[in-house]
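The values are calculated or read from the model by the stated rules, or taken from the named source; none is laboratory data. Since the model is a prediction, treat every value here as computed from it, not as a measurement. Ideal geometry is used to build each Cβ from the backbone, glycine not excepted, and the neighbour counts take in all protein chains shown. The accessibility values were calculated without ligands, DNA or RNA, using every heavy atom of the protein model including side chains. Shrake-Rupley method; radii C 1.70, N 1.55, O 1.52, S 1.80 Å.
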Amino acid sequence: MKIRSTALAGALLLAAAGGALAQDQDGIRQKAIAVEQDVITWRRDFHQYPELGNREVRTAGIVAGHLRALGLDEVRENVAHTGVVGVLKGGRPGPVIALRADMDALPVTEPEGLPFASKVRTTYNGKEVGVMHACGHDAHTAMLMGVATILSGMKADLPGTVVFLFQPAEEGAPEGEEGGARLMIKEGALADPRPEAIFGMHVWAGLAGQIFVRPGGAMAGSDQLYITVNGRQTHGASPWTGVDPVVVSAQTVLALQTMITRQMNAALSPSVISIGKIDGGVRHNIIPAKVEMAGTIRHLDPTSHDALLENIRRTATFTAQASGATAEVNIVPYAPPVFNPTALLERVLPALERAGAGHAGVQKDAPPIMASEDFAYYQKEIPGLFFFLGINDAGVPADQGRPGHSPEFRVNDDTLKVGVEAMTRVALEYLSGPR
């Protein structure tokens with residue numbers, strides 16, 4: 001599908017008239033404003049037609065078509081199933097950097113209200129679900145397309161190469177499939193050319209247009225937690241003749257919360273365990289043979305990670321044994337913590353400050369976020385910086401925004417131009433910086 005690009009010609013003309021790179025940098029805000037309507041149009045289209053991880057066929061096709069229309073030197077499709085890699089080689093020598101956006105949506109049913117609200121339904125892990133961009137990946141994709149528009153218009157004066165990574169399945173691949181950042185890396189997204197640094201951005205509940213970033217541990221690492229409690233089935237009227245896994249499961253959930261507060265040092269290693277799914281039983285008066293639970297583990301301190309996982313296994317195992325049940329614990333790694341190198345942040349901080357000036361500014365030591373991001377896998381390969389863009393409605397305080405991963409999540413489209421400007425300036429700051 002081809003989406004009409006109303007501002008593309010204007011953005012390219014602005015770039016052509018800019019002359020040298022220094023002059024172009026002075027006009028970056030105007031270029032971001034020039035592509036704003038295109039970015040909003042793309043974002044709303046992606047929002048209306050969301051796709052789950054490893055299924056972003058339509059989204060990837062629009063992205064690839066746009067990059068080819070811009071005349072990028074190389075556009076690779078079907079990386080990590082549906083990922084797109086675009087390579088823009090500047091007219092002057094310089095380093096190679098990567099800019100990354102994620103494209104997948106979530107199995108969340110969107111309420112009515114927006115004229116471009118999603119009505120998409122599909123099957124996810126065997127269940128029929130609604131599909132919604134409830135984490136802002138529609139905005140990430142659209143903003144990076146806008147950045148590609150601006151930087152391609154500056155190609156002649158660009159000192160280096162920019163690799164655009166449009167990644168599928170950041171939220172995780174379907175059961176039985178590989179996906180996300182790890183598969184992008186495995187299939188060569190960081191090879192030929194190999195970037196020496198990578199940058200990513202995430203919209204977040206925060207002051208409209210504010211950029212916030214944190215050196216060091218910025219986002220939590222996470223693991224998927226699966227616990228099966230095995231009891232002995234019996235009649236609900238005589239529970240003493242069996243072993244009730246429902247009660248044991250309830251005790252396990254509470255014991256895990258106590259373990260976090262009493263066995264982990266909250267000052268040095270903030271951690272979270274949340275059980276999001278409990279499944280057991282088929283009838284009101286039958287105590288079942290087993291209960292299955294699924295949840296998430298979050299941590300910020302890699303040095304305490306092994307101890308955290310061991311405490312979880314021990315707590316679940318012995319809580320079950322105390323009631324005559326058994327517990328099977330399976331922990332599946334998702335991503336390590338997102339860690340921003342201080343030196344890399346300092347190198348591009350002036351660019352973020354210029355982008356934030358005149359908007360809501362920059363928060364340079366934002367508190368850590370206990371959500372996780374598989375951007376961390378890129379950071380294990382090369383230095384990487386991950387920052388955030390506040391997308392609350394105008395006048396809404398930072399702590400009163402609509403939470404991600406919920407049907408209430410919303411993106412304030414007026415903030416998208418700030419994100420485009422910020423990522424563009426970061427790229428130019430690094431490329432034109434000292435070698």
Practice item. Take the residues in the range 212-225 that are assigned to a loop (DSSP other than H, G, I, E, B) and open to solvent by 20 Å² or more (accessible area, probe 1.4 Å), then tell me which one is nearest to Lys380 (Cα to Cα). Key: Pro215
Review point. Restricting to the range 226-256, what's the tally of residues that are assigned to a helix (DSSP H, G or I), of a type in the set (A, V, I, L, M) and more than 14 Å from Arg283 (Cα to Cα)?
Key: 7
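For every residue, the table says whether it meets (1) of a type in the set (Val, Ile, Thr); (2) within 30 Å of Thr241 (Cβ to Cβ); (3) in contact (Cβ under 8 Å) with a residue 24 or more places away in the chain; (4) outside any helix (DSSP H, G or I).
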{"position": "Thr258", "(1), (2), (3), (4)": "yes, yes, no, no"}
{"position": "Ala266", "(1), (2), (3), (4)": "no, no, no, yes"}
{"position": "Ser269", "(1), (2), (3), (4)": "no, no, yes, yes"}
{"position": "Ile275", "(1), (2), (3), (4)": "yes, yes, yes, yes"}
{"position": "Arg283", "(1), (2), (3), (4)": "no, yes, no, yes"}
{"position": "Ile297", "(1), (2), (3), (4)": "yes, no, yes, yes"}
Exercise for review: Residues being surrounded by 21 or more Cβ atoms within 10 Å (Cβ to Cβ), assigned to a helix (DSSP H, G or I) and in contact with a Gly (Cβ under 9 Å, 6 or more places away or on another chain): count how many of those fall in the range 145-190.
Suggested key: 9
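Search the range 77-115 for residues being among the β-branched types (Val, Ile, Thr) and touching a Phe, Trp or Tyr at 6+ places or on another chain (Cβ under 6 Å), and hand back the single one that is nearest to Val162 (Cα to Cα). Give the derivation first.
The initial filter retains those residues of the range 77-115 that are among the β-branched types (Val, Ile, Thr), namely 79, 82, 84-85, 87, 96-97, 108-109.
Pick out the ones that are also touching a Phe, Trp or Tyr at 6+ places or on another chain (Cβ under 6 Å) and you get 84, 97.
Values: Val84: 14, Ile97: 5 Å.
It comes out as Ile97.
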Check your understanding: Inside the range 264-322, can you point out the residues that are more than 30 Å from Val338 (Cβ to Cβ), touching a strand residue (DSSP E or B) at 6+ places or on another chain (Cβ under 6 Å) and buried (at least 19 other Cβ atoms within 10 Å of the Cβ)?
Key -> Ile287, Pro288, Lys290, Val291, Ala320
Check your understanding: Using beta carbons and a limit of 6 Å, which pairs, at least six apart or on different chains, have the first residue in the range 399-419 and assigned to a helix (DSSP H, G or I) and open to solvent by less than 20 Å² (accessible area, probe 1.4 Å) and the second one modelled with pLDDT under 95 and of a type in the set (Phe, Trp, Tyr)?
Key -> none
Practice item. Those residues that are of a type in the set (S, T, N, Q) and either in a helix (DSSP H, G or I) or in contact with a helix residue (DSSP H, G or I) (Cβ under 7 Å, 6 or more places away or on another chain) (or both), I need them from the range 370-391; list them, please. Key: Gln379
Review point. Before we move on, is Ala360 on the phi < 0 side of the Ramachandran plot, touching a Phe, Trp or Tyr at 6+ places or on another chain (Cβ under 9 Å), not polar (S, T, N, Q) and not in a helix (DSSP H, G or I)?
Key: no
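Can you name every residue in the range 334-347 that is in a strand (DSSP E or B) and either open to solvent by less than 80 Å² (accessible area, probe 1.4 Å) or within 18 Å of Arg232 (Cα to Cα) (or both)? Before the answer, list the steps.
Going residue by residue through the range 334-347, those that are in a strand (DSSP E or B) are 334-335, 338-340.
Of everything in the range 334-347, those that are in a strand (DSSP E or B) and either open to solvent by less than 80 Å² (accessible area, probe 1.4 Å) or within 18 Å of Arg232 (Cα to Cα) (or both) turn out to be Tyr334, Ala335, Val338, Asn340.
Could you tell me whether any residue of the range 196-211 is closer than 22 Å to Leu431 by Cα and surrounded by fewer than 20 Cβ atoms within 10 Å (Cβ to Cβ)?
Taking the range 196-211 first, the residues closer than 22 Å to Leu431 by Cα are 196-202, 211.
Now narrow it down to the ones that are surrounded by fewer than 20 Cβ atoms within 10 Å (Cβ to Cβ): 196.
Within the range 196-211, one or more residues are closer than 22 Å to Leu431 by Cα and surrounded by fewer than 20 Cβ atoms within 10 Å (Cβ to Cβ).
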Check your understanding: What tally of residues in the range 31-65 results from selecting those that are over 19 Å from Phe116 (Cα atoms) and in a loop (DSSP other than H, G, I, E, B)?
Key -> 4
Point to revise | Top-ranked residue in the range 350-364 [being in contact (Cβ under 8 Å) with a residue 60 or more places away in the chain and not small (Gly, Ala, Ser); ranked as least open to solvent (accessible area, probe 1.4 Å)] | key: Leu352
**Study point:** Cross-chain or 6+ apart pairs with Cβ under 9 Å, the range 112-133 first and over 17 Å from Ser406 (Cα atoms) and without any contact (Cβ under 8 Å) to a residue 40 or more places away in the chain, then buried (at least 17 other Cβ atoms within 10 Å of the Cβ) and polar (S, T, N, Q)
**Key:** Pro115/Gln48
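With the structure loaded, tell me whether Gly153 is among the small types (Gly, Ala, Ser) and touching a residue at least 60 places away in the same chain (Cβ under 8 Å) or whether it fails that test. Quick ask: steps written out before the conclusion?
Numbers: among the small types (Gly, Ala, Ser): yes; touching a residue at least 60 places away in the same chain (Cβ under 8 Å): yes.
Yes.
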